[in-house]
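The values are calculated or read from the model by the stated rules, or taken from the named source; none is laboratory data. Only a predicted model underlies this, so the values are computations on that prediction, with no experimental measurement involved. Positions of Cβ are backbone-derived with ideal geometry, glycine not excepted, and every protein chain shown enters the neighbour counts. Accessible surface is based on the protein model in full, side chains and every heavy atom, while ligands, DNA and RNA are left aside. Shrake-Rupley method; radii C 1.70, N 1.55, O 1.52, S 1.80 Å.
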Amino acid sequence: MENSMSERSLFIESDEEEDERGEYGVGDRNGSDFSNYSNENENENDQQQSKPNSYSNNVWPQSYRQSIDMYSSLHSPSINFLGTPSLSRLGSSFLSSTLTRRHTPEILPTLHKPLLPPQEEDKQRRSSQALLPPIPSRSSVVKKVTHDGKSSTFTPEAPMPQKSSFGQTVVNGINVLCGVGILSTPYAVRQGGWIGLSILFFYAVLSFYTGILLRHCLDSQPGLETYPDIGQAAFGSAGRVLISIILYAELYACCIEYIILEADNLSSLFPNAHLSLGGLHLDAHHLFALIATLAVLPTTWLRDLSVLSYLSAGGVIASLMVVASLYWVGLVNHVGFESKETTLNLSTLPVAVGLYGYCYSGHAVFPNIYSSMQKRNQFPAVLLTSFGIVTLLYGGTAVMGYKMFGDSAQSQFTLNMPKDLIASKIAVWTTVVNPLTKYALTVAPVALSLEELIPSSGKVKSRIYSIFIRTALVISSLIFGLLIPFFGLVMSFIGSFLTMLVTLILPCACYLSILRGKLSYIQGGACVLVMVAGVISSAFGTYSAISQIAQNLSG
(Lines give C-alpha, C1' and ligand atoms only; values in the text may rest on other atoms or scores of the structure.)
Protein backbone atom coordinates (compact mmCIF):
# COMPACT_ATOMS: atom_id res chain seq x y z
CA MET A 1 0.00 0.00 0.00
CA GLU A 2 2.82 2.45 0.78
CA ASN A 3 4.42 1.86 -2.62
CA SER A 4 1.13 2.45 -4.37
CA MET A 5 0.50 5.69 -2.55
CA SER A 6 4.00 6.98 -3.27
CA GLU A 7 3.38 6.47 -6.97
CA ARG A 8 0.03 8.29 -6.58
CA SER A 9 -1.68 5.34 -8.25
CA LEU A 10 -4.78 3.39 -7.38
CA PHE A 11 -5.65 -0.17 -8.35
CA ILE A 12 -9.32 -0.94 -8.75
CA GLU A 13 -10.79 -4.29 -9.66
CA SER A 14 -13.46 -4.20 -12.34
CA ASP A 15 -16.31 -6.41 -11.15
CA GLU A 16 -18.29 -6.05 -14.36
CA GLU A 17 -15.47 -7.30 -16.52
CA GLU A 18 -14.76 -10.05 -14.05
CA ASP A 19 -18.37 -11.22 -14.20
CA GLU A 20 -18.13 -11.46 -17.97
CA ARG A 21 -15.36 -13.97 -17.54
CA GLY A 22 -17.69 -16.41 -15.84
CA GLU A 23 -17.93 -17.95 -12.41
CA TYR A 24 -14.27 -18.93 -12.19
CA GLY A 25 -13.02 -15.62 -13.53
CA VAL A 26 -10.72 -17.23 -16.08
CA GLY A 27 -12.66 -17.28 -19.31
CA ASP A 28 -12.71 -20.60 -21.14
CA ARG A 29 -12.08 -23.21 -18.48
CA ASN A 30 -11.04 -25.84 -21.00
CA GLY A 31 -8.57 -23.59 -22.75
CA SER A 32 -6.64 -20.65 -21.42
CA ASP A 33 -6.76 -21.63 -17.76
CA PHE A 34 -5.15 -24.96 -18.37
CA SER A 35 -2.38 -23.45 -20.46
CA ASN A 36 -1.69 -20.79 -17.81
CA TYR A 37 -1.56 -23.45 -15.14
CA SER A 38 0.87 -25.53 -17.15
CA ASN A 39 3.16 -22.59 -17.78
CA GLU A 40 3.42 -21.83 -14.08
CA ASN A 41 5.09 -25.10 -13.25
CA GLU A 42 8.68 -25.27 -14.37
CA ASN A 43 10.35 -27.77 -12.08
CA GLU A 44 10.04 -31.50 -12.43
CA ASN A 45 7.55 -31.99 -9.63
CA ASP A 46 5.20 -29.29 -10.88
CA GLN A 47 5.32 -30.67 -14.40
CA GLN A 48 3.95 -33.87 -13.00
CA GLN A 49 1.28 -31.92 -11.16
CA SER A 50 0.10 -30.19 -14.33
CA LYS A 51 -0.94 -33.48 -15.88
CA PRO A 52 -4.64 -34.11 -15.70
CA ASN A 53 -5.77 -36.33 -12.91
CA SER A 54 -7.73 -39.15 -14.47
CA TYR A 55 -8.12 -41.05 -11.22
CA SER A 56 -10.79 -38.90 -9.62
CA ASN A 57 -12.79 -37.67 -12.60
CA ASN A 58 -16.44 -38.72 -12.32
CA VAL A 59 -15.68 -41.14 -9.48
CA TRP A 60 -16.88 -40.55 -5.92
CA PRO A 61 -15.59 -38.77 -3.89
CA GLN A 62 -14.63 -35.62 -5.78
CA SER A 63 -14.27 -33.34 -2.74
CA TYR A 64 -11.68 -35.37 -0.83
CA ARG A 65 -8.63 -33.34 -1.78
CA GLN A 66 -10.07 -29.95 -0.87
CA SER A 67 -11.81 -31.04 2.33
CA ILE A 68 -8.75 -32.87 3.69
CA ASP A 69 -6.59 -29.84 2.86
CA MET A 70 -8.91 -27.81 5.07
CA TYR A 71 -8.49 -30.39 7.80
CA SER A 72 -4.71 -30.58 7.73
CA SER A 73 -2.89 -27.53 6.34
CA LEU A 74 -1.47 -24.61 8.25
CA HIS A 75 -1.86 -21.11 6.85
CA SER A 76 -3.19 -17.77 7.95
CA PRO A 77 -6.91 -17.04 8.02
CA SER A 78 -8.46 -14.72 5.49
CA ILE A 79 -8.62 -11.05 6.40
CA ASN A 80 -12.37 -10.70 6.02
CA PHE A 81 -12.65 -7.61 8.20
CA LEU A 82 -11.09 -5.36 5.57
CA GLY A 83 -13.41 -2.78 4.11
CA THR A 84 -13.58 -3.77 0.46
CA PRO A 85 -13.75 -7.05 -1.45
CA SER A 86 -10.57 -6.09 -3.29
CA LEU A 87 -8.61 -5.64 -0.10
CA SER A 88 -10.11 -8.78 1.36
CA ARG A 89 -8.83 -10.74 -1.61
CA LEU A 90 -5.35 -9.42 -0.89
CA GLY A 91 -5.47 -11.05 2.55
CA SER A 92 -3.65 -14.26 3.25
CA SER A 93 -6.42 -16.83 3.17
CA PHE A 94 -5.75 -20.24 4.64
CA LEU A 95 -8.30 -22.03 2.56
CA SER A 96 -7.77 -20.10 -0.64
CA SER A 97 -4.04 -20.72 -0.50
CA THR A 98 -4.73 -24.36 0.18
CA LEU A 99 -7.10 -24.76 -2.73
CA THR A 100 -4.98 -22.78 -5.18
CA ARG A 101 -1.72 -24.26 -4.02
CA ARG A 102 -2.29 -26.93 -6.62
CA HIS A 103 -5.29 -27.23 -8.88
CA THR A 104 -7.33 -29.97 -7.33
CA PRO A 105 -9.12 -32.64 -9.37
CA GLU A 106 -12.41 -30.88 -8.71
CA ILE A 107 -11.38 -27.76 -10.69
CA LEU A 108 -8.61 -29.04 -12.92
CA PRO A 109 -9.76 -29.24 -16.55
CA THR A 110 -9.39 -32.66 -18.07
CA LEU A 111 -8.13 -33.53 -21.53
CA HIS A 112 -10.27 -36.64 -21.53
CA LYS A 113 -13.83 -36.65 -22.79
CA PRO A 114 -16.10 -36.29 -19.75
CA LEU A 115 -18.72 -38.88 -18.94
CA LEU A 116 -21.28 -36.13 -18.38
CA PRO A 117 -22.19 -33.26 -20.70
CA PRO A 118 -20.31 -30.07 -19.75
CA GLN A 119 -23.33 -28.31 -18.29
CA GLU A 120 -24.41 -31.28 -16.19
CA GLU A 121 -20.84 -31.87 -15.09
CA ASP A 122 -20.52 -28.24 -13.93
CA LYS A 123 -23.79 -28.48 -12.00
CA GLN A 124 -22.70 -31.64 -10.23
CA ARG A 125 -19.33 -30.17 -9.36
CA ARG A 126 -20.83 -27.00 -7.98
CA SER A 127 -23.42 -28.87 -5.94
CA SER A 128 -20.79 -31.06 -4.32
CA GLN A 129 -18.74 -28.02 -3.34
CA ALA A 130 -21.48 -25.66 -2.33
CA LEU A 131 -19.94 -25.08 1.07
CA LEU A 132 -16.34 -24.75 -0.04
CA PRO A 133 -15.15 -21.14 -0.08
CA PRO A 134 -14.99 -19.50 -3.50
CA ILE A 135 -11.70 -19.97 -5.30
CA PRO A 136 -10.00 -16.70 -6.11
CA SER A 137 -9.83 -15.71 -9.75
CA ARG A 138 -6.59 -16.61 -11.41
CA SER A 139 -6.67 -13.54 -13.61
CA SER A 140 -8.70 -10.51 -12.61
CA VAL A 141 -9.12 -7.40 -14.70
CA VAL A 142 -7.47 -4.51 -12.90
CA LYS A 143 -7.76 -0.84 -13.77
CA LYS A 144 -4.79 1.40 -12.95
CA VAL A 145 -5.53 5.09 -12.38
CA THR A 146 -2.45 7.34 -12.44
CA HIS A 147 -1.95 10.88 -11.19
CA ASP A 148 -2.75 12.44 -14.58
CA GLY A 149 -6.22 10.88 -14.65
CA LYS A 150 -5.44 8.35 -17.36
CA SER A 151 -6.45 4.76 -16.81
CA SER A 152 -5.42 1.50 -18.33
CA THR A 153 -6.56 -2.04 -17.83
CA PHE A 154 -4.42 -5.12 -17.66
CA THR A 155 -4.64 -8.69 -16.55
CA PRO A 156 -2.09 -9.63 -13.90
CA GLU A 157 -0.37 -12.94 -14.08
CA ALA A 158 -1.85 -15.74 -12.01
CA PRO A 159 -0.21 -16.13 -8.62
CA MET A 160 2.18 -18.98 -8.17
CA PRO A 161 0.68 -21.86 -6.19
CA GLN A 162 1.85 -21.76 -2.62
CA LYS A 163 3.94 -24.67 -1.39
CA SER A 164 4.80 -25.81 2.10
CA SER A 165 8.36 -25.48 3.33
CA PHE A 166 10.11 -28.16 5.34
CA GLY A 167 9.19 -26.51 8.63
CA GLN A 168 5.55 -25.98 7.69
CA THR A 169 5.24 -29.56 6.54
CA VAL A 170 6.74 -30.88 9.78
CA VAL A 171 4.27 -28.79 11.80
CA ASN A 172 1.41 -30.08 9.64
CA GLY A 173 2.61 -33.64 10.16
CA ILE A 174 2.85 -33.23 13.93
CA ASN A 175 -0.56 -31.53 14.04
CA VAL A 176 -2.12 -34.47 12.18
CA LEU A 177 -0.42 -37.18 14.26
CA CYS A 178 -0.56 -35.61 17.71
CA GLY A 179 -4.24 -35.53 18.64
CA VAL A 180 -6.45 -36.68 21.49
CA GLY A 181 -4.66 -40.03 21.50
CA ILE A 182 -1.99 -38.50 23.71
CA LEU A 183 -4.51 -38.28 26.57
CA SER A 184 -4.89 -42.07 26.65
CA THR A 185 -1.25 -43.15 26.57
CA PRO A 186 -1.01 -43.64 30.38
CA TYR A 187 -4.25 -45.64 30.19
CA ALA A 188 -2.70 -47.72 27.41
CA VAL A 189 0.26 -48.55 29.67
CA ARG A 190 -2.22 -49.55 32.37
CA GLN A 191 -3.93 -51.91 29.92
CA GLY A 192 -0.72 -53.48 28.59
CA GLY A 193 1.82 -52.91 31.34
CA TRP A 194 5.32 -51.48 31.03
CA ILE A 195 6.38 -54.13 28.52
CA GLY A 196 3.37 -53.31 26.37
CA LEU A 197 4.75 -49.79 25.92
CA SER A 198 7.18 -51.26 23.38
CA ILE A 199 4.20 -51.65 21.04
CA LEU A 200 4.08 -47.86 20.69
CA PHE A 201 7.60 -47.73 19.27
CA PHE A 202 6.95 -50.82 17.13
CA TYR A 203 3.97 -49.12 15.49
CA ALA A 204 5.98 -45.92 15.04
CA VAL A 205 8.51 -47.81 12.90
CA LEU A 206 5.83 -49.62 10.89
CA SER A 207 3.81 -46.43 10.35
CA PHE A 208 6.87 -44.55 9.17
CA TYR A 209 7.61 -47.36 6.71
CA THR A 210 4.06 -47.39 5.31
CA GLY A 211 4.16 -43.60 5.01
CA ILE A 212 7.16 -44.01 2.71
CA LEU A 213 5.21 -46.64 0.75
CA LEU A 214 2.42 -44.13 0.13
CA ARG A 215 4.98 -41.75 -1.31
CA HIS A 216 6.21 -44.43 -3.73
CA CYS A 217 2.61 -45.08 -4.76
CA LEU A 218 2.06 -41.38 -5.48
CA ASP A 219 5.24 -41.20 -7.55
CA SER A 220 4.47 -44.37 -9.51
CA GLN A 221 1.99 -42.72 -11.87
CA PRO A 222 1.18 -39.11 -12.82
CA GLY A 223 -2.02 -37.68 -11.42
CA LEU A 224 -2.06 -39.48 -8.07
CA GLU A 225 -2.65 -36.95 -5.29
CA THR A 226 -4.74 -38.49 -2.50
CA TYR A 227 -5.27 -41.77 -0.69
CA PRO A 228 -8.43 -42.55 -2.70
CA ASP A 229 -6.43 -41.93 -5.89
CA ILE A 230 -3.95 -44.55 -4.73
CA GLY A 231 -6.79 -46.95 -4.03
CA GLN A 232 -8.18 -46.42 -7.52
CA ALA A 233 -4.79 -46.94 -9.12
CA ALA A 234 -4.36 -50.18 -7.18
CA PHE A 235 -7.85 -51.70 -7.28
CA GLY A 236 -9.94 -49.62 -9.68
CA SER A 237 -13.04 -47.60 -8.83
CA ALA A 238 -14.13 -50.14 -6.22
CA GLY A 239 -10.82 -49.62 -4.39
CA ARG A 240 -11.30 -45.87 -4.44
CA VAL A 241 -14.80 -46.10 -3.01
CA LEU A 242 -13.88 -48.68 -0.37
CA ILE A 243 -10.83 -46.75 0.88
CA SER A 244 -12.84 -43.52 0.94
CA ILE A 245 -15.55 -45.14 3.06
CA ILE A 246 -12.93 -46.37 5.53
CA LEU A 247 -11.29 -42.94 5.72
CA TYR A 248 -14.61 -41.17 6.22
CA ALA A 249 -15.67 -43.71 8.85
CA GLU A 250 -12.47 -42.98 10.77
CA LEU A 251 -13.16 -39.23 10.68
CA TYR A 252 -16.76 -39.72 11.80
CA ALA A 253 -15.63 -41.96 14.66
CA CYS A 254 -13.26 -39.21 15.77
CA CYS A 255 -16.25 -36.86 16.00
CA ILE A 256 -17.90 -39.33 18.37
CA GLU A 257 -14.74 -39.32 20.46
CA TYR A 258 -14.83 -35.53 20.64
CA ILE A 259 -18.34 -35.60 22.13
CA ILE A 260 -17.36 -38.21 24.72
CA LEU A 261 -14.21 -36.24 25.53
CA GLU A 262 -16.15 -33.03 26.11
CA ALA A 263 -18.72 -34.75 28.31
CA ASP A 264 -16.10 -36.54 30.42
CA ASN A 265 -13.95 -33.50 31.13
CA LEU A 266 -16.75 -31.00 31.69
CA SER A 267 -18.63 -33.37 33.98
CA SER A 268 -15.42 -33.87 35.99
CA LEU A 269 -15.21 -30.10 36.46
CA PHE A 270 -18.89 -29.73 37.35
CA PRO A 271 -19.99 -33.12 38.69
CA ASN A 272 -23.14 -31.77 40.34
CA ALA A 273 -24.54 -30.13 37.22
CA HIS A 274 -27.89 -31.50 36.07
CA LEU A 275 -31.03 -30.49 34.25
CA SER A 276 -34.61 -31.53 34.87
CA LEU A 277 -37.36 -30.70 32.39
CA GLY A 278 -40.66 -32.31 33.24
CA GLY A 279 -40.01 -36.02 33.35
CA LEU A 280 -36.60 -35.67 31.65
CA HIS A 281 -33.56 -35.69 33.89
CA LEU A 282 -30.05 -35.16 32.55
CA ASP A 283 -27.03 -35.84 34.74
CA ALA A 284 -23.73 -34.01 34.29
CA HIS A 285 -22.36 -36.34 31.60
CA HIS A 286 -25.49 -36.25 29.41
CA LEU A 287 -25.98 -32.53 29.97
CA PHE A 288 -22.49 -31.55 28.88
CA ALA A 289 -22.59 -33.92 25.92
CA LEU A 290 -25.71 -32.08 24.78
CA ILE A 291 -24.15 -28.66 25.42
CA ALA A 292 -21.02 -29.59 23.50
CA THR A 293 -23.15 -30.77 20.58
CA LEU A 294 -25.12 -27.53 20.52
CA ALA A 295 -21.85 -25.60 20.63
CA VAL A 296 -20.28 -27.34 17.62
CA LEU A 297 -23.46 -27.59 15.54
CA PRO A 298 -23.44 -24.00 14.19
CA THR A 299 -19.76 -24.29 13.26
CA THR A 300 -20.58 -27.19 10.93
CA TRP A 301 -22.92 -24.93 8.96
CA LEU A 302 -20.21 -22.37 8.21
CA ARG A 303 -19.33 -21.94 4.58
CA ASP A 304 -15.84 -20.62 5.26
CA LEU A 305 -13.93 -22.75 7.77
CA SER A 306 -10.66 -20.88 7.38
CA VAL A 307 -10.72 -19.38 10.88
CA LEU A 308 -11.42 -22.78 12.42
CA SER A 309 -8.59 -24.21 10.35
CA TYR A 310 -6.26 -21.60 11.76
CA LEU A 311 -7.38 -22.27 15.32
CA SER A 312 -7.18 -26.04 14.99
CA ALA A 313 -3.63 -25.66 13.69
CA GLY A 314 -2.84 -24.74 17.27
CA GLY A 315 -3.38 -28.37 18.16
CA VAL A 316 0.38 -28.77 18.44
CA ILE A 317 0.55 -25.99 21.01
CA ALA A 318 -2.47 -27.41 22.82
CA SER A 319 -0.85 -30.84 23.05
CA LEU A 320 2.37 -29.33 24.39
CA MET A 321 0.42 -27.33 26.99
CA VAL A 322 -1.43 -30.41 28.21
CA VAL A 323 1.76 -32.48 28.44
CA ALA A 324 3.60 -29.62 30.19
CA SER A 325 0.74 -29.36 32.68
CA LEU A 326 1.00 -33.08 33.42
CA TYR A 327 4.73 -32.80 34.08
CA TRP A 328 4.20 -29.70 36.22
CA VAL A 329 1.61 -31.46 38.38
CA GLY A 330 3.89 -34.44 38.81
CA LEU A 331 7.31 -32.83 39.26
CA VAL A 332 6.41 -29.51 40.89
CA ASN A 333 3.19 -30.32 42.76
CA HIS A 334 4.42 -33.87 43.57
CA VAL A 335 1.15 -35.60 42.74
CA GLY A 336 1.16 -39.38 42.50
CA PHE A 337 4.26 -41.60 42.12
CA GLU A 338 2.98 -43.99 44.78
CA SER A 339 0.46 -45.97 42.77
CA LYS A 340 0.55 -49.68 41.93
CA GLU A 341 2.12 -50.54 38.58
CA THR A 342 2.01 -53.62 36.33
CA THR A 343 4.85 -55.04 34.27
CA LEU A 344 2.71 -56.95 31.77
CA ASN A 345 -1.06 -57.38 31.53
CA LEU A 346 -1.84 -60.02 28.91
CA SER A 347 -5.60 -60.04 29.49
CA THR A 348 -6.09 -56.43 28.33
CA LEU A 349 -3.01 -56.10 26.12
CA PRO A 350 -5.15 -56.13 22.92
CA VAL A 351 -6.90 -52.98 24.16
CA ALA A 352 -3.51 -51.30 24.45
CA VAL A 353 -2.76 -52.42 20.89
CA GLY A 354 -5.70 -50.40 19.60
CA LEU A 355 -4.81 -47.39 21.74
CA TYR A 356 -1.23 -47.33 20.50
CA GLY A 357 -2.37 -47.86 16.93
CA TYR A 358 -4.70 -44.87 17.17
CA CYS A 359 -1.71 -42.65 17.95
CA TYR A 360 -0.46 -42.93 14.35
CA SER A 361 -3.67 -42.34 12.43
CA GLY A 362 -2.39 -39.67 10.05
CA HIS A 363 -1.93 -41.63 6.84
CA ALA A 364 -5.18 -40.38 5.34
CA VAL A 365 -3.58 -36.92 5.13
CA PHE A 366 0.01 -37.85 4.22
CA PRO A 367 -0.61 -37.87 0.44
CA ASN A 368 -2.10 -34.38 0.64
CA ILE A 369 0.84 -33.14 2.69
CA TYR A 370 3.29 -34.72 0.26
CA SER A 371 1.56 -33.18 -2.76
CA SER A 372 1.76 -29.71 -1.21
CA MET A 373 5.49 -29.84 -0.41
CA GLN A 374 7.94 -27.40 -1.91
CA LYS A 375 10.67 -30.04 -2.10
CA ARG A 376 9.18 -33.49 -2.28
CA ASN A 377 12.51 -35.24 -1.86
CA GLN A 378 12.43 -34.05 1.76
CA PHE A 379 9.33 -36.09 2.56
CA PRO A 380 11.23 -38.96 4.27
CA ALA A 381 13.00 -36.42 6.48
CA VAL A 382 9.66 -34.77 7.24
CA LEU A 383 8.12 -38.09 8.24
CA LEU A 384 11.14 -39.03 10.32
CA THR A 385 11.09 -35.69 12.15
CA SER A 386 7.33 -35.74 12.70
CA PHE A 387 7.24 -39.35 13.88
CA GLY A 388 10.27 -38.81 16.09
CA ILE A 389 8.83 -35.77 17.86
CA VAL A 390 5.36 -37.29 18.22
CA THR A 391 6.71 -40.60 19.52
CA LEU A 392 8.77 -38.78 22.14
CA LEU A 393 5.66 -36.86 23.21
CA TYR A 394 3.56 -40.03 23.37
CA GLY A 395 6.22 -42.02 25.17
CA GLY A 396 7.04 -39.26 27.64
CA THR A 397 3.39 -38.71 28.45
CA ALA A 398 2.77 -42.45 28.85
CA VAL A 399 5.69 -42.87 31.24
CA MET A 400 4.96 -39.79 33.34
CA GLY A 401 1.20 -40.41 33.48
CA TYR A 402 1.54 -44.05 34.46
CA LYS A 403 4.25 -43.32 37.03
CA MET A 404 1.93 -40.74 38.60
CA PHE A 405 -1.37 -42.63 38.54
CA GLY A 406 -0.39 -46.27 38.02
CA ASP A 407 -3.24 -48.74 37.63
CA SER A 408 -5.74 -46.02 38.59
CA ALA A 409 -5.02 -44.17 35.33
CA GLN A 410 -8.28 -43.31 33.57
CA SER A 411 -8.96 -43.16 29.82
CA GLN A 412 -7.85 -39.50 29.84
CA PHE A 413 -5.14 -38.49 32.26
CA THR A 414 -6.85 -35.11 32.70
CA LEU A 415 -9.54 -36.96 34.69
CA ASN A 416 -6.89 -38.06 37.22
CA MET A 417 -5.37 -34.63 37.75
CA PRO A 418 -6.41 -32.76 40.94
CA LYS A 419 -9.00 -30.16 40.03
CA ASP A 420 -7.78 -27.52 42.49
CA LEU A 421 -4.38 -27.03 40.85
CA ILE A 422 -3.83 -24.29 38.26
CA ALA A 423 -1.88 -26.61 35.98
CA SER A 424 -4.75 -29.09 36.09
CA LYS A 425 -7.24 -26.41 35.14
CA ILE A 426 -5.06 -25.37 32.19
CA ALA A 427 -4.83 -28.97 31.01
CA VAL A 428 -8.55 -29.67 31.34
CA TRP A 429 -9.75 -26.46 29.70
CA THR A 430 -7.24 -26.82 26.88
CA THR A 431 -8.58 -30.33 26.34
CA VAL A 432 -12.13 -28.99 26.30
CA VAL A 433 -11.55 -26.08 23.91
CA ASN A 434 -9.36 -27.81 21.33
CA PRO A 435 -11.95 -30.33 20.02
CA LEU A 436 -14.52 -27.55 19.65
CA THR A 437 -12.35 -26.01 16.91
CA LYS A 438 -11.63 -29.35 15.26
CA TYR A 439 -15.10 -30.88 15.14
CA ALA A 440 -16.39 -28.95 12.13
CA LEU A 441 -13.17 -29.55 10.18
CA THR A 442 -13.31 -33.26 10.97
CA VAL A 443 -16.93 -33.74 9.95
CA ALA A 444 -16.69 -31.50 6.84
CA PRO A 445 -15.06 -34.14 4.57
CA VAL A 446 -17.74 -36.65 5.53
CA ALA A 447 -20.53 -34.14 4.88
CA LEU A 448 -19.13 -33.03 1.54
CA SER A 449 -18.82 -36.62 0.36
CA LEU A 450 -22.48 -37.23 1.18
CA GLU A 451 -23.53 -34.00 -0.50
CA GLU A 452 -21.92 -35.21 -3.72
CA LEU A 453 -24.48 -38.02 -3.85
CA ILE A 454 -27.38 -35.54 -3.97
CA PRO A 455 -28.30 -34.34 -7.48
CA SER A 456 -28.00 -30.62 -8.08
CA SER A 457 -31.32 -28.91 -7.42
CA GLY A 458 -30.56 -25.21 -7.14
CA LYS A 459 -28.44 -23.19 -4.76
CA VAL A 460 -31.08 -22.80 -2.05
CA LYS A 461 -32.07 -26.46 -1.98
CA SER A 462 -28.43 -27.56 -2.03
CA ARG A 463 -27.78 -25.32 0.97
CA ILE A 464 -30.76 -26.80 2.81
CA TYR A 465 -29.64 -30.35 2.03
CA SER A 466 -26.16 -29.48 3.25
CA ILE A 467 -27.39 -28.14 6.58
CA PHE A 468 -29.63 -31.17 7.00
CA ILE A 469 -26.76 -33.62 6.35
CA ARG A 470 -24.40 -31.86 8.73
CA THR A 471 -27.03 -31.61 11.43
CA ALA A 472 -27.81 -35.30 11.07
CA LEU A 473 -24.13 -36.18 11.37
CA VAL A 474 -23.72 -34.08 14.51
CA ILE A 475 -26.87 -35.47 16.17
CA SER A 476 -25.94 -39.05 15.30
CA SER A 477 -22.46 -38.56 16.80
CA LEU A 478 -24.16 -37.35 19.99
CA ILE A 479 -26.39 -40.44 20.07
CA PHE A 480 -23.46 -42.81 19.61
CA GLY A 481 -21.46 -40.89 22.20
CA LEU A 482 -24.25 -41.30 24.74
CA LEU A 483 -24.89 -44.95 23.91
CA ILE A 484 -21.19 -45.92 24.09
CA PRO A 485 -19.64 -43.41 26.54
CA PHE A 486 -16.34 -45.27 26.89
CA PHE A 487 -13.61 -43.02 25.54
CA GLY A 488 -10.73 -45.46 25.89
CA LEU A 489 -12.56 -48.49 24.52
CA VAL A 490 -14.01 -46.58 21.58
CA MET A 491 -10.53 -45.27 20.80
CA SER A 492 -9.17 -48.81 21.00
CA PHE A 493 -11.84 -49.99 18.56
CA ILE A 494 -11.04 -47.18 16.12
CA GLY A 495 -7.32 -47.86 16.41
CA SER A 496 -7.69 -51.61 15.99
CA PHE A 497 -10.26 -51.76 13.22
CA LEU A 498 -9.95 -48.56 11.17
CA THR A 499 -6.46 -47.22 11.87
CA MET A 500 -4.81 -50.59 11.29
CA LEU A 501 -6.45 -50.70 7.87
CA VAL A 502 -5.50 -47.14 6.93
CA THR A 503 -2.01 -47.17 8.44
CA LEU A 504 -0.64 -50.68 8.00
CA ILE A 505 -2.73 -52.94 5.78
CA LEU A 506 -3.95 -50.78 2.90
CA PRO A 507 -0.66 -48.95 2.15
CA CYS A 508 1.12 -52.28 1.74
CA ALA A 509 -1.71 -53.77 -0.31
CA CYS A 510 -1.80 -50.76 -2.65
CA TYR A 511 1.99 -50.72 -2.94
CA LEU A 512 2.11 -54.39 -3.90
CA SER A 513 -0.68 -53.94 -6.44
CA ILE A 514 0.60 -50.77 -8.11
CA LEU A 515 4.25 -51.84 -8.28
CA ARG A 516 3.75 -55.56 -8.82
CA GLY A 517 6.48 -57.06 -10.94
CA LYS A 518 8.89 -54.26 -10.03
CA LEU A 519 9.64 -55.19 -6.42
CA SER A 520 12.40 -57.32 -5.01
CA TYR A 521 11.68 -60.29 -2.78
CA ILE A 522 12.84 -58.26 0.23
CA GLN A 523 10.44 -55.40 -0.54
CA GLY A 524 7.55 -57.76 -1.15
CA GLY A 525 8.33 -59.79 1.94
CA ALA A 526 8.54 -56.68 4.11
CA CYS A 527 5.10 -55.56 2.93
CA VAL A 528 3.63 -58.99 3.62
CA LEU A 529 5.07 -59.01 7.14
CA VAL A 530 3.65 -55.56 7.87
CA MET A 531 0.25 -56.63 6.56
CA VAL A 532 0.32 -59.77 8.72
CA ALA A 533 1.21 -57.68 11.78
CA GLY A 534 -1.64 -55.30 10.94
CA VAL A 535 -4.19 -58.08 10.44
CA ILE A 536 -3.25 -59.84 13.69
CA SER A 537 -3.28 -56.58 15.66
CA SER A 538 -6.60 -55.59 14.12
CA ALA A 539 -8.26 -58.93 14.86
CA PHE A 540 -7.20 -59.19 18.50
CA GLY A 541 -7.66 -55.49 19.25
CA THR A 542 -11.09 -55.22 17.64
CA TYR A 543 -12.41 -58.34 19.37
CA SER A 544 -11.09 -57.23 22.75
CA ALA A 545 -12.51 -53.69 22.42
CA ILE A 546 -15.94 -54.92 21.33
CA SER A 547 -15.98 -57.52 24.12
CA GLN A 548 -15.20 -54.97 26.80
CA ILE A 549 -17.71 -52.48 25.41
CA ALA A 550 -20.41 -55.14 25.47
CA GLN A 551 -19.40 -56.15 28.99
CA ASN A 552 -19.59 -52.57 30.24
CA LEU A 553 -22.96 -52.01 28.58
CA SER A 554 -24.43 -55.18 30.07
CA GLY A 555 -22.94 -54.49 33.51
For this session: Please find, within segment 455-489, the residue that is modelled with the lowest pLDDT out of those that are within 22 Å of P298 (Cα to Cα) and among the β-branched types (V, I, T).
Result: V460
Problem set entry | Residue that is more than 15 Å from A364 (Cα to Cα) and either open to solvent by less than 50 Å² (accessible area, probe 1.4 Å) or out of contact with any strand residue (DSSP E or B) (no Cβ under 8 Å at 6 or more places or on another chain) (or both), where the choices are G211, G223 | G223
Seminar exercise, completed: Counted residues in segment 491-524 being open to solvent by 30 Å² or more (accessible area, probe 1.4 Å) and farther than 22 Å from S244 by Cβ come to 8
Exercise. How about segment 247-357: which helices (runs of 4 or more DSSP H) wholly inside it have at least 3 residues that are among the hydrophobic types (A, V, I, L, M, F, W, C) and more than 27 Å from G396 (Cβ to Cβ)?
Worked result: 284-300
Exercise. Which fully enclosed helices (runs of 4 or more DSSP H) of segment 426-536 have 2 or more residues being farther than 29 Å from F208 by Cα?
Worked result: 459-483
For this session: Could you list all residues from segment 377-391 that are surrounded by fewer than 24 Cβ atoms within 10 Å (Cβ to Cβ) and of a type in the set (A, V, I, L, M)?
Result: A381, L384, I389
Problem set entry | Selection count where residues are crowded, with 24+ Cβ neighbours inside 10 Å and either of a type outside the set (V, I, T) or over 24 Å from A444 (Cβ atoms) (or both), scope segment 237-253 | 2
Problem set entry | Matching option when the condition is more than 27 Å from the chain's Cα centre (by Cα) and farther than 25 Å from P228 by Cα, among A550, A545 | A550
For this session: Kindly list, by first and then second residue, each pair from a residue in segment 361-390 that is within 18 Å of Y227 (Cα to Cα) and in a helix (DSSP H, G or I) to a residue that is among the small types (G, A, S) and at pLDDT 95 or above, limited to pairs with Cβ atoms under 6 Å and residues at least 6 apart or on different chains.
Result: F366/G211; L383/G211
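Looking for something within 23 Å of R190 (Cα to Cα) and over 27 Å from the mean Cα position of the chain (by Cα) - is there at least one such residue anywhere in segment 428-440?
For segment 428-440, residues within 23 Å of R190 (Cα to Cα) and over 27 Å from the mean Cα position of the chain (by Cα): absent.
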Exercise. If you check G330 against the conditions, is it modelled with pLDDT under 95, open to solvent by less than 10 Å² (accessible area, probe 1.4 Å) and on the phi < 0 side of the Ramachandran plot?
Worked result: yes
Exercise. Going through segment 392-420 one residue at a time, which ones are surrounded by fewer than 20 Cβ atoms within 10 Å (Cβ to Cβ), of a type outside the set (S, T, Y) and over 16 Å from L269 (Cα atoms)?
Worked result: L392, G395, G396, V399, K403, G406, D407
For this session: List the number of the failed condition for A263; all other conditions in (1) open to solvent by 50 Å² or more (accessible area, probe 1.4 Å); (2) modelled with pLDDT of 90 or more; (3) small (G, A, S) hold.
Result: (1)
